[in-house]
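The values are calculated or read from the model by the stated rules, or taken from the named source; none is laboratory data. Computed from a predicted structure; not experimentally measured. Cβ placement follows ideal geometry from the backbone for every residue including glycine, while neighbour counts extend to all protein chains displayed. What goes into the accessible areas is simple: the full protein's heavy atoms, side chains included, and nothing from ligands, DNA or RNA. Shrake-Rupley method; radii C 1.70, N 1.55, O 1.52, S 1.80 Å.
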Amino acid sequence: MSEESEGELEARLPEGESFEPPESFVEQANVTDEAIYEEFEENWPDCWERAADLLDWEASYDQVLDDSDAPFYEWFVDGKLNASYNCLDRHVEDGRGDEVAIEWVGEPTEETRTYTYQELLDEVEEFAAALRDLGVEEDDVVTMYMPMIPELPVAMLACARIGAPHSVVFAGFSADALATRMNSAESEYLVTCDGYYRRGDPLDHKDKADEGLSGVEHGVDTVVVDRLGDELDHDLDDEQHDYDDLIDEHAGASVDPVTRDAEDMLFLMYTSGTTGKPKGVKHTTGGYLSYVSWTSHAVLDIKPEDTYWCSADIGWITGHSYIVYGPLALGTSTVMYEGTPDYPDKDRLWEIVEDYDVTQLYTAPTAIRAFMKWGEEYPAQHDLSSLRLLGTVGEPINPRAWKWYYKHIGDESCPVVDTWWQTETGGMMVTTLPGVNEMKPGSAGPPLPGISANVVDMSGDDVEPGEAGYLTVDKPWPGMLRTLYRNDERFIEEYWQEYSDEGTDEWVYFPEDGAKIDDDGYITVLGRVDDVINVSGHRLGTMEVESAIVGVEGVAEAAVVGGNHDIKGEAVYAYAITEDGYEGDDDLRERIVEGVEDAIGPIARPEEVIFSPELPKTRSGKIMRRLLEDIANGEELGNTSTLRNPEIVDDIAGKVGED
Ligand code: PRX
């Protein structure tokens, strides 16, 4: 974008200004009455029946919420349903089998695939039959290590159909990361593929999957999707099965959806926490599916006739909730794009919006900042008038990026929903309702109806409006995680211990984010307050990166912090101390970067590796991370007199940027 037009935009939309939802949007919105906030409050927890009513239940629940064993809450107690039935069969039974479920857009521009609801149901049944033949039983965890190809949602829904929880591992994660997750879940089944396209080139994926499998401690049956055809040859060993062969063998199969209890696990999703070990977040069938359907309806304004597009990867929670489960449960057409936004050119997303008449676009601030940098001429080449709503998720959005999105993508006629939530919350928690609330760029908005979120100080008391504090949620909600897989103790420690008063049985969920709240109840999320950093909307535990770095030969100690980054939001800054006899040179730097990529994946690649003879430590020996962050950000350094080794600070600061 040019300097001049950016200036004009800023002048027109000064900071702090708010925007009314466009009238044309409100006229047709799913939710328009602000009384909904009061209704939910007065009728809590029964208000959540409204979410459950969006689904078809085989047996109705007896109780909306059972909090007798808090914080192990149960929702829609004794209700019975199947997620795959709700996402597929019921739409076909309604005579909508010929309508589009998935519009898949491959990275190569000529490659697209359309699945109607009937076609998707057929393939899901065939693959469900194949999984059963391989030995998959109800409650067996099936791992998926796949990029954005249609067989991924097919496999997820096939698992849901037979009651086997899935655990999707982001395809960009390393072989080690796959092995850790499969071992942790004792998962004996893997669905993966030969490879996929990245910026025009075929990329091998199976090698990485095989390497991961070599680190799995038990036997695994693997299904391999042939995404690349002749582009990439691969061999299958005895426990590896070709996806197409399995589908052929089970052509026309019919598999009844199994009856699942509302509280039965739908899937597991691993996410980073403060320790080096990823957390297996458990989501359930009834509560999760109700919650993502409700938020897709109320916030994303999804209707069956829409062509809705969330540009996230299904390997993250956003893709689970808002590419697959929410949109399909509501019977809409959901777009899946395999590639990157700048291939073959920087207008690829806008071309897709135009070609498919996309009605809602849900993306991340990091992408919006990249679009801004590329310039408004790219969206300007396309007719984006089909868009009705825009959304963002994953990290705080700066008002400048918000306004750019609002103007250059939404033509000032689409509401923008800035949605705060987490892997653990299952769905959106804090955001405006687009047909109800005014929007304030940079501030996510009020908590959704029925969600009780507050901003508190360290002792749990509400902070004054405008002051920074900690975000908390003091009432449960249907989409919440139920526990950490096979680790109830860690579940309590990680999320409930900080602010709950166990004596009075008042349980408060702590998402580990900082926030401020305005007079009008709008919440601005300020980012993580634990040792987790957010790189391009992806959550990374600093400990995970540190343990990868100290695993590199020649490194004695490491500290990792997040530094500001124009596009990524935060970037990884790694400080390393060498072992005696090793030089902090380019060779070691390269080995460190490789070590991180091998242990986690390219997303964790350090922006800079800074060698130092020591790390700044307090007298009690704790690394002063805050100081390392200030150094990474080139900020003025505060008082260093509490350090055991203050002399080291200038030395390190001088090295930032040398890399
Ligand atoms: O710090 C918050 C940030 O992303 C974290 C959750 O990351 P993850 O579990 O990977 O889920 C990302 C997609 C839901 C949060 O703790 N975050 C997410 N959305 C926002 C946000 N920060 C500010 N504003 C948001 N809209």
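Overview of values
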{"quantity": "Positions within segment 295-324 being open to solvent by 10 Å² or more (accessible area, probe 1.4 Å), touching a helix residue (DSSP H, G or I) at 6+ places or on another chain (Cβ under 9 Å) and within 16 Å of the ligand (Cβ to nearest atom), in sequence order", "calculated": "Ser311, Ala312, Asp313"}
{"quantity": "Subset of segment 246-277 [open to solvent by less than 20 Å² (accessible area, probe 1.4 Å), over 19 Å from Glu137 (Cβ atoms) and in a loop (DSSP other than H, G, I, E, B)]", "calculated": "Ala262, Ser272, Gly273"}
{"quantity": "One residue from Ala468, Ala515 being within 23 Å of the chain's Cα centre (by Cα) and either outside the structural domain of Asp140 (by TED's automatic domain parsing) or over 18 Å from Thr271 (Cβ atoms) (or both)", "calculated": "Ala515"}
{"quantity": "Single condition Leu526 does not satisfy, out of (1) open to solvent by less than 40 Å² (accessible area, probe 1.4 Å); (2) within 16 Å of the ligand (Cβ to nearest atom)", "calculated": "(1)"}
{"quantity": "Segment 521-542 residues that are on the phi < 0 side of the Ramachandran plot, paired with ones that are basic (Lys, Arg) (beta carbon under 6 Å, 6 or more apart)", "calculated": "Tyr522/Lys440; Thr524/Lys516; Val532/Arg539; Val535/Lys568"}
{"quantity": "Test: residue in segment 397-418 that is within 13 Å of the ligand (Cβ to nearest atom), in contact (Cβ under 8 Å) with a residue 60 or more places away in the chain and among the aromatic types (Phe, Trp, Tyr)", "calculated": "no"}
{"quantity": "Positions within segment 585-610 being out of contact with any helix residue (DSSP H, G or I) (no Cβ under 7 Å at 6 or more places or on another chain) and not charged (D, E, K, R), in sequence order", "calculated": "Leu588, Val593, Pro602, Ile603"}
{"quantity": "Filtered residue count, segment 544-566, keeping only those that are within 16 Å of the ligand (Cβ to nearest atom) and either free of Cβ contacts under 8 Å to residues at least 24 places away in the same chain or not in a strand (DSSP E or B) (or both)", "calculated": "2"}
{"quantity": "Scope segment 388-415; condition outside any helix (DSSP H, G or I) and open to solvent by 10 Å² or more (accessible area, probe 1.4 Å); matching residues", "calculated": "Arg388, Val393, Gly394, Glu395, Pro396, Asn398, Asp411, Glu412, Ser413"}
{"quantity": "Qualifying residue in segment 511-530 (condition: closer than 29 Å to Asp461 by Cα, in contact with a Phe, Trp or Tyr (Cβ under 9 Å, 6 or more places away or on another chain) and acidic (Asp, Glu))", "calculated": "yes"}
{"quantity": "Selection count, segment 119-170, where residues are β-branched (Val, Ile, Thr), closer than 26 Å to Ala604 by Cα and surrounded by 24 or more Cβ atoms within 10 Å (Cβ to Cβ)", "calculated": "4"}
{"quantity": "In segment 229-270, the residues that are at pLDDT below 95 and not charged (D, E, K, R)", "calculated": "Gly229, Leu232, His234, Leu236"}
{"quantity": "Subset of segment 440-450 (residues that are closer than 22 Å to Glu39 by Cα, in a loop (DSSP other than H, G, I, E, B) and within 14 Å of the ligand (Cβ to nearest atom))", "calculated": "Ala444, Pro446, Leu448"}
{"quantity": "Odd one out for Pro379 among (1) within 15 Å of the ligand (Cβ to nearest atom); (2) assigned to a helix (DSSP H, G or I)", "calculated": "(1)"}
{"quantity": "Qualifying residue in segment 583-600 (condition: part of a strand (DSSP E or B), touching a strand residue (DSSP E or B) at 6+ places or on another chain (Cβ under 9 Å), of a type outside the set (Phe, Trp, Tyr) and surrounded by fewer than 22 Cβ atoms within 10 Å (Cβ to Cβ))", "calculated": "no"}
{"quantity": "From Asp53, Asp33, residue being more than 16 Å from Asp301 (Cα to Cα), surrounded by fewer than 18 Cβ atoms within 10 Å (Cβ to Cβ) and of a type in the set (D, E, K, R)", "calculated": "Asp53"}
{"quantity": "In segment 382-396, the residues that are of a type in the set (D, E, K, R) and more than 9 Å from the ligand (Cβ to nearest atom)", "calculated": "Asp383, Arg388"}
{"quantity": "Top-ranked residue of segment 629-651 - restricted to ones that are charged (D, E, K, R) and either open to solvent by 90 Å² or more (accessible area, probe 1.4 Å) or assigned to a loop (DSSP other than H, G, I, E, B) (or both), ranked as nearest to Thr618 (Cα to Cα)", "calculated": "Arg644"}
{"quantity": "Test: Val508 is more than 14 Å from the ligand (Cβ to nearest atom), in contact (Cβ under 8 Å) with a residue 12 or more places away in the chain and buried (at least 19 other Cβ atoms within 10 Å of the Cβ)", "calculated": "yes"}
{"quantity": "Test result for Gly657, in a loop (DSSP other than H, G, I, E, B) and in contact with a Gly (Cβ under 9 Å, 6 or more places away or on another chain)", "calculated": "yes"}
{"quantity": "Some residue of segment 416-424 being within 16 Å of the chain's Cα centre (by Cα), of a type in the set (D, E, K, R) and open to solvent by less than 10 Å² (accessible area, probe 1.4 Å)", "calculated": "yes"}
{"quantity": "Conditions (1) more than 16 Å from the ligand (Cβ to nearest atom); (2) under 25 Å from the mean Cα position of the chain (by Cα); (3) crowded, with 16+ Cβ neighbours inside 10 Å: number failed by Glu493", "calculated": "(3)"}
{"quantity": "Those residues of segment 244-302 which are in contact with a His (Cβ under 6 Å, 6 or more places away or on another chain) and either basic (Lys, Arg) or farther than 30 Å from Ser547 by Cα (or both), in sequence order", "calculated": "Leu266"}
{"quantity": "Residue under evaluation Asn437, criteria (1) over 16 Å from Val525 (Cα atoms); (2) more than 16 Å from the ligand (Cβ to nearest atom); (3) part of a loop (DSSP other than H, G, I, E, B), criterion not met", "calculated": "(2)"}
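Every residue, every condition in (1) modelled with pLDDT under 95; (2) out of contact with any strand residue (DSSP E or B) (no Cβ under 8 Å at 6 or more places or on another chain); (3) open to solvent by 10 Å² or more (accessible area, probe 1.4 Å), yes or no:
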site: Val532; (1), (2), (3): yes, no, no
site: His538; (1), (2), (3): yes, yes, yes
site: Thr542; (1), (2), (3): yes, no, no
site: Gly554; (1), (2), (3): no, no, no
site: Val609; (1), (2), (3): no, no, no
site: Arg625; (1), (2), (3): yes, no, yes
